[in-house]
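The values are calculated or read from the model by the stated rules, or taken from the named source; none is laboratory data. The structure presented is a predicted model; accordingly, all values stated were derived computationally and were not measured. Cβ sites come from the backbone with ideal geometry, for glycine too, and all protein chains shown count toward neighbours.
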């Protein structure tokens with residue numbers, strides 16, 4: 001069983017190829033059925049044993065992008081992907097779209113990749129660029145992310161995923177990926193560093209199981225907070241700690257509603273070293289916001305944080321994580337979260353600062369006294 005996306009074959013630079021992995025996966029899935037896609041067809045494609053053909057999908061999307069343009073083609077990708085099951089079908093389809101997008105438009109279209117279907121488009125796009133040009137392409141990838149937020153942060157986040165997939169999932173290669181990220185962006189929140197840790201933990205790019213199940217990093221109770229404590233350099237530890245709640249959830253409780261296990265996640269965050277506790281609880285709030293669709297109704301995310309048994313300061317950190325997530329994606333109502341959470345005085349001012357400060361500057365905000 002393949003455990004890593006980028007270990008399917010070798011390139012001239014000595015690094016394996018995302019494209020070769022996808023093609024290898026397609027071979028494993030017996031994607032050799034006859035048939036082709038045509039520009040006038042719905043983009044579901046030829047399937048065999050329930051598996052989307054990468055090659056015909058890639059050719060189809062090239063035609064669609066040239067004919068309809070990027071925006072309309074992205075809409076079609078999302079509409080089509082939402083009809084496919086299991087999840088790996090849409091993921092492979094998005095990989096094919098990323099390959100086509102790179103072939104048609106080159107690096108300038110990296111920011112056009114949607115974040116749907118386990119980031120398949122951006123991962124393939126980045127993989128294509130790395131395979132063709134090696135690490136020398138990294139400055140161009142960052143430049144291709146543009147300057148508009150939150151799209152720029154989401155684009156850089158995808159580069160973080162791609163770099164970990166490129167280097168590998170052990171701790172030493174992780175540090176290589178983090179160092180590259182940090183040389184272009186030192187932001188703790190949501191960008192390249194966060195994408196690197198999310199990929200290291202959840203391994204979207206490995207797709208080890210053919211049913212689309214994530215190959216999540218195993219939790220070792222003896223090393224619950226690693227690599228955040230001692231295995232990585234200090235500048236990376238805050239970003240690492242903020243991704244711990246997401247990892248714990250997917251590793252142990254993915255079949256449960258997050259609200260039902262948030263208390264256990266909070267207990268784990270309380271056990272981390274004091275310097276990383278804020279980041280861990282912010283990560284809890286961020287994931288609470290993500291898992292409860294806070295863009296539609298933030299009340300559930302607010303209730304998760306308010307219901308924690310931890311001290312008020314740690315509940316505050318959780319709530320600022322909700323604000324952070326909503327602010328990051330410019331969701332309606334994020335300015336009101338703090339007032340609806342029952343805080344006052346110094347705690348309320350601290351919370352509101354998360355709604356009024358640029359995402360990249362949040363780390364400079366001093367926390368209130370316990």
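Just a few scattered comments:
- You will find that of 304, 272, the residue that is crowded, with 17+ Cβ neighbours inside 10 Å and in a loop (DSSP other than H, G, I, E, B) is 272 and no other.
- One residue alone among 99, 111 is in a helix (DSSP H, G or I), surrounded by fewer than 24 Cβ atoms within 10 Å (Cβ to Cβ) and either in contact with a helix residue (DSSP H, G or I) (Cβ under 9 Å, 6 or more places away or on another chain) or in the same structural domain as residue 130 (by TED's automatic domain parsing) (or both), and that residue is 111.
- Here segment 330-348 is the region considered, the condition is being over 22 Å from the mean Cα position of the chain (by Cα) and exposed (fewer than 13 other Cβ atoms within 10 Å of the Cβ), and the residue that is nearest to residue 297 (Cα to Cα) is 344.
- Taken together, the residues in segment 123-149 that are out of contact with any helix residue (DSSP H, G or I) (no Cβ under 9 Å at 6 or more places or on another chain), at pLDDT below 85 and in a helix (DSSP H, G or I) amount to 1.
- Given (1) within 24 Å of the chain's Cα centre (by Cα); (2) under 24 Å from residue 228 (Cα atoms), index of the condition residue 313 fails: (1)
- Scan of segment 307-320 for residues that are touching a helix residue (DSSP H, G or I) at 6+ places or on another chain (Cβ under 6 Å) and either part of a helix (DSSP H, G or I) or in contact (Cβ under 8 Å) with a residue 60 or more places away in the chain (or both), ordered by number: 314, 315, 316, 317, 318, 319, 320
- Those residues of segment 75-88 which are surrounded by fewer than 22 Cβ atoms within 10 Å (Cβ to Cβ), out of contact with any helix residue (DSSP H, G or I) (no Cβ under 6 Å at 6 or more places or on another chain) and part of a helix (DSSP H, G or I), in sequence order: 75, 76, 79, 80, 87
- The sole residue among 196, 179, 185, 143 that is more than 15 Å from the chain's Cα centre (by Cα) and within 24 Å of residue 286 (Cα to Cα) is 185.
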